[in-house]
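Student: I'd like to ask some things about the structure below.
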Amino acid sequence: MSPAELTQAVEDNLRNLGLEALDVVNLRSMLDVHGPAEGPLEEPLDTLITLKKRGLIRHIGLSNVTAKQVADAQKMTPIACVQNFYNVANRQDDALIDTLAAQNIPYVPFFPLGGFTPLQSGDLNQVAEKLEATPMQVALAWLLQRSPNILLIPGTSSLGHLQENLAAADLLLPDWALSALDNIKP
């Protein structure tokens, strides 16, 4: 996306939402649509920094990025949050989550329940059965216990599903369950 297109997108969002400023804009790297890939983000990040200086953006986040891209971006501006693909079965960002936690920067996993391919695991199902919870509640509880900087935003299309997701916050996973879940492979 060119600087002009990025600026237009922010201005369109402001107009459509009736706001003077967007609280957070995540710069999503599209160098590889299937996951983070090394490459420069300076040009679009410069555009967001300019929009922040103009008062149109309050905070800048990053999405679909590598640890190096986060570090490089932090040399240019404070980063408010990082949003990458992560869940109990896809944990390639473990080190990044820990680094961000040490800096008090939120990590927002997208597809926390697997996305278009919902999480499926015999181990997950067994833990859920023993805890009298659903597998998705256990998967969300695992994320909440994984690190204090994880901010969950699981999608839902029904009130019942929303209530089920919220109940995951009250589900404390015992050590045996965490051990079983930590061994789940993609």
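Laboratory data are not the source of any read-out in this text; all were calculated from the coordinates shown. This is a predicted model, so every value here is computed, not measured. Cβ: placed from backbone, ideal geometry, glycine included. Neighbour counts: every protein chain shown.
Student: List nothing, just return the count: lysine pairs in the chain, 8 or more apart or interchain, with Cα separation under 28 Å.
Tutor: 6
Student: Among the trypsin sites (Lys or Arg not before Pro) within the range 48-82, which fall in a DSSP loop and have no more than 10 other Cβ atoms within 10 Å of their own Cβ? Walk me through the numbers on the way to the answer.
Tutor: Numbers: sites: LYS52, LYS53, ARG54, ARG58, LYS68, LYS75; in loops: ARG54, LYS75.
Counting only loop positions with at most 10 other Cβ atoms within 10 Å, the trypsin sites (Lys or Arg not before Pro) in the range 48-82 are LYS75.
Student: Could I have the simple spin-label model distance between GLN145 and TRP176, label points 7 Å from Cα toward Cβ, reported in nm to one decimal?
Tutor: It works out to 1.3 nm between the two label points.
Student: Also: I need the calculated FRET efficiency for the pair VAL24 and THR156, taking r as the beta carbon distance and R₀ as 25 Å, to the nearest 0.05.
Tutor: On the way: r = 21 Å, r/R0 = 0.85.
Efficiency at R0 = 25 Å is approximately 0.75.
Student: Further question: Return the distance in nm (one decimal) between the two label points of a simple spin-label model at ILE49 and ASN13, each offset 7 Å from Cα along Cα→Cβ.
Tutor: Each label point is offset 7 Å from its Cα along the Cβ direction, giving 1.9 nm.
Student: For the chain, what is the mean residue ellipticity at 222 nm derived from helices alone (per DSSP H run of n ≥ 4: -39500 (n - 2.57); sum divided by total residues; nearest 500 deg cm²/dmol)?
Tutor: -13500 deg cm²/dmol
Student: Just one of (1) 1.44; (2) 1.13; (3) 1.30 is Cα Rg over 2.2 N^0.38 Å as worked out from the coordinates here. Which one is it?
Tutor: (2)
Student: Per residue of the range 57-67, what does 6.51 cos²θ - 1.76 cosθ + 1.60 with θ = phi - 60° give for ³J(HN,Hα)? Whole Hz please, x for Gly and Pro, Karplus curve as stated.
Tutor: For the range 57-67, the Karplus-derived couplings read 10, 8, 9, 10, x, 10, 9, 6, 10, 8, 4 Hz, x marking Gly and Pro.
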